[in-house]
Every structure is written in C-alpha cells, then in structure tokens.
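Here's the structure we're looking at; comments come further down.
The values are calculated or read from the model by the stated rules, or taken from the named source; none is laboratory data. Just so we're clear, the structure is a prediction, and the values are computed from it rather than from any experiment. Ideal geometry is used to build each Cβ from the backbone, glycine not excepted, and the neighbour counts take in all protein chains shown. SASA here: full protein model, heavy atoms, side chains in, ligands and nucleic acids out. Shrake-Rupley method; radii C 1.70, N 1.55, O 1.52, S 1.80 Å.
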Amino acid sequence: MIGLGKWQLDISVPMLKVQPILTIADNNGKYEFTVDASGFGVTPAINLVNTVEEGNTLKVRAQVPMLNLGDIEGKITFEGVHCTGEVNVPMLGKITVKGVRVG
C-alpha cells in the first residue's frame with residue numbers, strides 16, 4: 001500500500017483555499033481515507049468505491065455523501081514526503097492538490 005499516513009494538503013478553488021489533513025490508512029488490506037477540515041467545522045465521510053495503485057500513484061473513485069455529487073475521481077502521486085495530484089469533482093471540475101506528509 002502506498003501513501004499511508006497523514007498529509008497536509010493545499011487545495012485552491014475559486015475564492016477559497018483550504019488545507020485539510022488527509023489520513024490514508026490500511027484497514028485489513030483495504031484503503032481507508034479520512035479528511036479533517038476542522039477549520040471549516042466539517043469532517044466529511046468518504047466512501048471509497050475503487051482504488052488502484054500504479055507505481056507511486058494512487059487512483060481513487062469515491063463518494064462524499066455530504067456533497068451528494070456522485071462519484072469523485074482523483075489521483076495522487078507520492079514522492080517521499082511530498083504528494084501532488086488532481087481531483088475531478090462533478091460541477092466543480094478538476095482541482096489541483098499538493099501536500100506534505102505530517103505524520
């Protein structure tokens with residue numbers, strides 16, 4: 001499994017910049033994601049639909065019930081203590097993600 005640990009992400013969308021903490025965990029051989037966006041008073045549930053490892057890149061399809069937008073697809077590449085990627089969110093489009101390991 002790749003990318004396990006805590007990652008502080010930098011996410012910029014029009015008129016908003018957030019820095020949530022993404023935790024990627026091993027739950028009996030299956031990926032588990034949690035996001036702490038407590039600065040905004042939310043910790044949304046993430047239901048993973050599918051995860052695929054390709055080298056040091058993790059491709060993910062998930063649903064976030066709080067957003068109720070259908071499947072969200074993304075990919076994130078891990079290189080040492082840094083990660084980069086993009087997330088395609090219905091009605092918002094592609095969002096660039098950068099991060100650093102914090103735990």
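How about the range 56-73: which of its residues are exposed (fewer than 13 other Cβ atoms within 10 Å of the Cβ) and in contact (Cβ under 8 Å) with a residue 12 or more places away in the chain?
Once the filter is applied, which keeps residues that are exposed (fewer than 13 other Cβ atoms within 10 Å of the Cβ) and in contact (Cβ under 8 Å) with a residue 12 or more places away in the chain, the range 56-73 yields Pro65, Met66, Gly70.
Which residue pairs have Cβ atoms closer than 6 Å, lie 6 or more positions apart in sequence or on different chains, and pair a first residue in the range 3-24 that is among the charged types (D, E, K, R) with a second residue that is surrounded by fewer than 18 Cβ atoms within 10 Å (Cβ to Cβ)?
Between residues of the range 3-24 that are among the charged types (D, E, K, R) and residues that are surrounded by fewer than 18 Cβ atoms within 10 Å (Cβ to Cβ), the close pairs are Lys6/Thr23; Lys6/Val102; Lys6/Gly103; Asp10/Gln19; Asp10/Lys98.
Considering the range 12-46 alone, what residues qualify as being open to solvent by 50 Å² or more (accessible area, probe 1.4 Å) and modelled with pLDDT of 85 or more?
Gln19, Asp26, Asn27, Asn28, Gly29, Lys30, Glu32, Thr34, Asp36
Scan the range 35-44 and give yes if some residue there is touching a Ser or Thr at 6+ places or on another chain (Cβ under 8 Å) and in contact (Cβ under 8 Å) with a residue 40 or more places away in the chain, otherwise no.
Checked against the condition, which is being touching a Ser or Thr at 6+ places or on another chain (Cβ under 8 Å) and in contact (Cβ under 8 Å) with a residue 40 or more places away in the chain, the range 35-44 yields no hits at all.
I'd like to know if the range 48-56 contains one or more residues that are within 21 Å of Pro14 (Cα to Cα) and not polar (S, T, N, Q).
no
Going by the conditions given, is Gly3 modelled with pLDDT of 90 or more and in a loop (DSSP other than H, G, I, E, B)?
Yes.
Looking only at the range 74-95, how many residues end up being exposed (fewer than 12 other Cβ atoms within 10 Å of the Cβ), of a type outside the set (Asp, Glu) and out of contact with any strand residue (DSSP E or B) (no Cβ under 6 Å at 6 or more places or on another chain)?
Summing the residues that are exposed (fewer than 12 other Cβ atoms within 10 Å of the Cβ), of a type outside the set (Asp, Glu) and out of contact with any strand residue (DSSP E or B) (no Cβ under 6 Å at 6 or more places or on another chain) in the range 74-95 gives 3.
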